[in-house]
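The values are calculated or read from the model by the stated rules, or taken from the named source; none is laboratory data. Note that the structure is predicted; figures quoted are calculated from it, not measured. Neighbour counts are summed over all protein chains in view; Cβ atoms, including those assigned to glycine, are modelled from backbone coordinates with ideal geometry.
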Amino acid sequence: MSMDQLAAVVDKISGIVWNSILLYLLVGTGIIFTIRTRFVQVRKFGEGWRRLFGGFSLKGDKAGKEGMSSFQALTTAIAAQVGTGNITGCATALYSGGPGAIFWMWLSAFFGMSTIYGEAVLAQKYKTVGEDGHVTGGPIYYIKARFQGKFGKFLAGFFSLAIIFALGFTGNMVQANSISWAFKTAFHIDPRIVGVICAVIAAFIFLGGVRRIASFTEKIVPVMAIFYMVGCVIILFINHDMLLPAIKSIFVAAFDPRAILGGAVGITVREAMRFGVARGLFSNEAGMGSTPHAHALAKVEKPQDQGVIAMIGVFVDTFIVLTLTALVILTSGQLQAGVPGALQGTDLAQAAFNSAFGGFGNIFVAVCMLFFAFSTIIGWYFFGETNVKALFGKKAVKIYAAIVVLCIIAGSALKVQLVWNLSDLFNALMVFPNLIALLALSGIVAKAARGEDILKK
């Protein structure tokens with residue numbers, strides 16, 4: 001079997017899992033948590049913002065073995081959430097599902113906010129202190145707490161291996177690839193050079209441990225978010241006459257794509273829903289089991305305090321960053337949804353920015369890709385590291401870090417479809433054990449949402 005054939009097989013399996021089973025499970029879990037928490041994402045939305053800014057800091061000196069600030073935990077989570085999917089993934093959803101995909105992206109994110117609330121609450125409740133005195137936490141700990149014996153160990157081990165491969169190895173290869181090829185398009189720089197530079201900087205941050213990772217994310221995440229949002233707002237101001245039609249097309253196409261796209265394209269409500277929900281969930285990572293590793297380390301009085309902050313991460317990722325990308329593309333006039341051979345993915349996004357910024361559009365996208373993808377590399381490394389420690393001990397961390405650095409270099413030089421497809425598949429596999437544990441522990445999350453003390457034995 002050739003590499004292309006293997007890539008096709010993996011892509012088919014991944015497509016079946018993501019576009020059917022997982023979509024229903026993730027959205028279904030979000031609906032269940034929304035009901036059981038009595039719409040916590042609405043009731044506690046304001047509290048989340050108040051607590052977030054109450055912990056705002058740029059000093060970068062609070063993180064240590066005892067944990068990190070709520071703000072640092074959120075920025076570490078957002079570092080992983082806001083990645084290439086916010087540019088490339090959004091453009092792909094628009095091409096494949098039309099403008100209506102954005103509505104379904106919003107809806108899935110709304111329910112996802114309650115799911116990530118549950119993840120953060122459980123991560124806080126079941127966090128532990130290791131032999132070295134460092135606080136640690138994540139899905140493996142609440143999986144083991146809920147399921148005792150061999151089944152619990154198997155489920156936790158399966159999750160750990162899946163996330164190490166999904167995020168630490170193949171995922172970071174994909175992120176490095178996005179950075180290097182964006183820079184090649186914008187500046188004509190050899191992707192291998194970009195990869196080596198990224199690997200060296202990443203290694204420096206990795207070796208600094210949780211303190212350096214937290215310090216990096218709390219500084220870079222606000223900067224990258226503001227930089228990107230300002231660029232998008234400028235374009236929307238330039239294209240202001242197309243803004244209201246673009247917003248209208250999102251709502252109309254969500255329920256009647258033909259009214260916007262015509263009957264020849266073949267995009268239906270099903271396609272709009274499928275691609276919108278899939279790309280939205282993939283981007284904000286609600287229910288996937290990644291961000292709880294960061295939220296577990298937050299120094300808070302009650303688990304629900306970090307739960308309400310975690311919801312803000314999904315809001316920022318989907319309702320702000322992804323929405324701005326969508327509106328830029330829709331107002332640019334570059335979208336030809338479902339048309340064979342038309343621009344899609346990164347090419348579509350670059351064309352949209354170029355239409356307003358001229359040649360600077362490529363440079364802007366490249367810089368944003370650098371911010372988004374590199375911060376994701378740091379976040380995903382950290383999530384994988386937590387699971388490496390749990391499975392193999394602290395001594396294995398250096399080996400893990402070395403492999404991730406090599407993956408960054410390899411990913412930047414190779415554009416191998418198999419790597420992308422494997423990343424999608426491992427991402428799917430890590431979701432199942434996490435969702436099983438979340439649903440089994442939903443009663444505890446419901447108590448937390450009611451304000452009860454869930455730390456009592």
(Q) Here are the criteria: (1) farther than 22 Å from Ala413 by Cα; (2) surrounded by fewer than 22 Cβ atoms within 10 Å (Cβ to Cβ). Tell me which single one Phe216 does not satisfy. (A) (2)
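Each row is one residue, and each column tells you yes or no for (1) in contact (Cβ under 8 Å) with a residue 40 or more places away in the chain; (2) over 15 Å from Thr75 (Cα atoms).
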| site | (1), (2) |
| --- | --- |
| Ile235 | yes, yes |
| Asp241 | no, yes |
| Val265 | yes, yes |
| Phe275 | yes, yes |
| Arg279 | yes, yes |
| Ala296 | yes, no |
| Lys302 | yes, yes |
| Ala310 | yes, no |
| Val328 | yes, yes |
Q. Any idea which of (1) of a type in the set (D, E, K, R); (2) assigned to a helix (DSSP H, G or I); (3) more than 24 Å from the chain's Cα centre (by Cα) is the one Asp424 doesn't satisfy?
A. (3)
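Filter segment 112-133 down to the residues that are part of a helix (DSSP H, G or I) and surrounded by fewer than 24 Cβ atoms within 10 Å (Cβ to Cβ) and list them by number.
The first filter runs over segment 112-133 and keeps only residues part of a helix (DSSP H, G or I), leaving 112-125.
Hit for segment 112-133 is Lys125, nothing else.
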**Q.** Those residues of segment 353-404 which are charged (D, E, K, R), more than 19 Å from the chain's Cα centre (by Cα) and buried (at least 17 other Cβ atoms within 10 Å of the Cβ), in sequence order
**A.** Lys389
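Here are some residues: Ala73, Ala93, Ala77, Ala109. Which one is in contact with a strand residue (DSSP E or B) (Cβ under 7 Å, 6 or more places away or on another chain) and either of a type outside the set (D, E, K, R) or surrounded by fewer than 24 Cβ atoms within 10 Å (Cβ to Cβ) (or both)?
Ala73
Go through segment 46-104 and give me each residue that's of a type in the set (Lys, Arg) and either under 30 Å from Thr331 (Cβ atoms) or modelled with pLDDT under 85 (or both). Spell out how you get there, then give the answer.
If we filter segment 46-104 for residues that are of a type in the set (Lys, Arg), which is where we start, we get 50-51, 59, 62, 65.
Passing the criteria: Lys59, Lys62, Lys65.
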(Q) Please pick out the residue among Val200, Val194, Val221 that is surrounded by fewer than 20 Cβ atoms within 10 Å (Cβ to Cβ), of a type outside the set (D, E, K, R) and either out of contact with any strand residue (DSSP E or B) (no Cβ under 7 Å at 6 or more places or on another chain) or under 17 Å from Ala402 (Cα atoms) (or both). (A) Val200
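Please enumerate the residues belonging to segment 371-421 that are outside any helix (DSSP H, G or I) and either free of Cβ contacts under 8 Å to residues at least 60 places away in the same chain or more than 29 Å from Val321 (Cβ to Cβ) (or both).
Step one: filter segment 371-421 for residues outside any helix (DSSP H, G or I), giving 393, 414-416.
Matches in segment 371-421: Gly393 only.
Does Ala253 satisfy the condition of being in contact with a Lys or Arg (Cβ under 8 Å, 6 or more places away or on another chain), assigned to a helix (DSSP H, G or I) and buried (at least 20 other Cβ atoms within 10 Å of the Cβ)? Can you show your working first?
Working: in contact with a Lys or Arg (Cβ under 8 Å, 6 or more places away or on another chain): no; assigned to a helix (DSSP H, G or I): yes; buried (at least 20 other Cβ atoms within 10 Å of the Cβ): yes.
Answer is no for this residue.
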Q | Filtered residues of segment 308-326 (kept if closer than 11 Å to Gly280 by Cα and either in contact with a Gly (Cβ under 7 Å, 6 or more places away or on another chain) or buried (at least 24 other Cβ atoms within 10 Å of the Cβ) (or both)) | A | Val314, Asp317, Thr318, Leu322
Q. Just checking, how many residues over segment 134-152 are surrounded by fewer than 24 Cβ atoms within 10 Å (Cβ to Cβ) and touching a Phe, Trp or Tyr at 6+ places or on another chain (Cβ under 7 Å)?
A. 2
Q: Return yes or no: is His134 free of Cβ contacts under 8 Å to residues at least 24 places away in the same chain and out of contact with any Pro (no Cβ under 7 Å at 6 or more places or on another chain)?
A: no
Q.
Can you tell me how many residues within segment 414-427 are surrounded by fewer than 18 Cβ atoms within 10 Å (Cβ to Cβ) and modelled with pLDDT of 70 or more?
A. 1
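Out of all the residues in segment 332-346, which are in a helix (DSSP H, G or I) and within 21 Å of the chain's Cα centre (by Cα)? Outline the logic, then answer.
Keep residues of segment 332-346 that are in a helix (DSSP H, G or I), which gives 332, 345-346.
Across segment 332-346, the qualifying residues are Gly345, Thr346.
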